[in-house]
Amino acid sequence: WQEITIEMILSDGSISKKSNNAIIKFEQGYIQKDFLYHLFDIYKDYCFMTSPGERLELRGVRKDLIKSFWFKTFSHPSFTDIWNLFYVNENGKNIKKIKKGLIKDELTSLGLAYWIMGDGSLQKDKKTMILHTQSFTYDENITLSNELNEKFGFSCEVILHKKIYWVIKIPSSDALLL
């Protein structure tokens, strides 16, 4: 689990610290049920839950159908070490940041695969990969992109997605490397 946790926090996992140690929560849409159950299998020894929970749609055409699957870990010192990689205290508030060296120092090939499974998508051309990093600033996306390029020899770039979000584009020319 340690080799993929950082990548899942870059992706759709969230980490929080309400006491001495951090907890992690994973949630994926109903289409990614198998992936979420796979993650649960990896982390189940760190959970009080015996299986993932289900979140239902509250309105619309899918009302009362499963919207997503989720689970939380219990707090653990190892998760706090990961929390410390992402959070800095600014004016008494803990702020999630992408620090230089995170990708270069921490990301493995396996971790990259999990990051893509959690937050990647193919564009309509079926050749271009997008890492949905819209929760990070433009500068943080530049740091992530540059470090992916340096570590893996990619030609990633930061692009505007849907005219409002910054994401990382991995071009089709990197397919063999990927």
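The values are calculated or read from the model by the stated rules, or taken from the named source; none is laboratory data. Since this is a predicted model, take the numbers as computed values, not measurements. We place every Cβ from the backbone using ideal geometry, glycine too, and count neighbours over all the protein chains shown. These accessible areas exclude ligands, DNA and RNA; they are computed on the full protein's heavy atoms, side chains included. Shrake-Rupley method; radii C 1.70, N 1.55, O 1.52, S 1.80 Å.
I need a count of the residues in region 91-116 that are charged (D, E, K, R) and closer than 17 Å to Ser16 by Cβ.
Filtering region 91-116 for residues charged (D, E, K, R) gives 93, 96-97, 99-100, 104-106.
This time we only want the ones that are closer than 17 Å to Ser16 by Cβ, so: 93, 96-97.
Total meeting the criteria: 3.
Examine region 12-24 for a residue that is within 30 Å of Asn89 (Cα to Cα), open to solvent by 90 Å² or more (accessible area, probe 1.4 Å) and of a type outside the set (Asp, Glu), and state whether such a residue exists. Let's see the steps before the verdict.
Step one: of region 12-24, the residues within 30 Å of Asn89 (Cα to Cα) are 12-24.
Now restrict to residues that are open to solvent by 90 Å² or more (accessible area, probe 1.4 Å): 18, 20.
From what is left, the residues that are of a type outside the set (Asp, Glu) are 18, 20.
Yes, that holds for at least one residue.
Scanning region 16-51 for residues that are under 21 Å from Ser135 (Cβ atoms), aliphatic (A, V, I, L, M) and at pLDDT 95 or above gives Ala22, Ile23, Ile24, Leu36, Leu39. Condition check for Leu131 on (1) under 11 Å from the mean Cα position of the chain (by Cα); (2) at pLDDT below 95: one failure, at (2).
Taken together, the residues in region 156-166 that are over 10 Å from Met129 (Cβ atoms) and open to solvent by less than 80 Å² (accessible area, probe 1.4 Å) amount to 3.
Can you spot a residue in region 65-76 that is of a type in the set (Lys, Arg), more than 29 Å from Ile159 (Cβ to Cβ) and modelled with pLDDT of 95 or more? Within region 65-76, one or more residues are of a type in the set (Lys, Arg), more than 29 Å from Ile159 (Cβ to Cβ) and modelled with pLDDT of 95 or more. Listed conditions (1) under 27 Å from Ser16 (Cα atoms); (2) open to solvent by 30 Å² or more (accessible area, probe 1.4 Å); (3) among the small types (Gly, Ala, Ser) are all met by Ala175, apart from (1). Among the numbered conditions (1) closer than 21 Å to Ser135 by Cα; (2) open to solvent by 60 Å² or more (accessible area, probe 1.4 Å); (3) touching a residue at least 60 places away in the same chain (Cβ under 8 Å), the only one that Ile9 does not meet is (2). If we scan region 1-15, do we find a residue that is within 17 Å of Phe136 (Cα to Cα), at pLDDT 90 or above, touching a helix residue (DSSP H, G or I) at 6+ places or on another chain (Cβ under 9 Å) and part of a strand (DSSP E or B)? Scanning region 1-15 turns up at least one residue that is within 17 Å of Phe136 (Cα to Cα), at pLDDT 90 or above, touching a helix residue (DSSP H, G or I) at 6+ places or on another chain (Cβ under 9 Å) and part of a strand (DSSP E or B).
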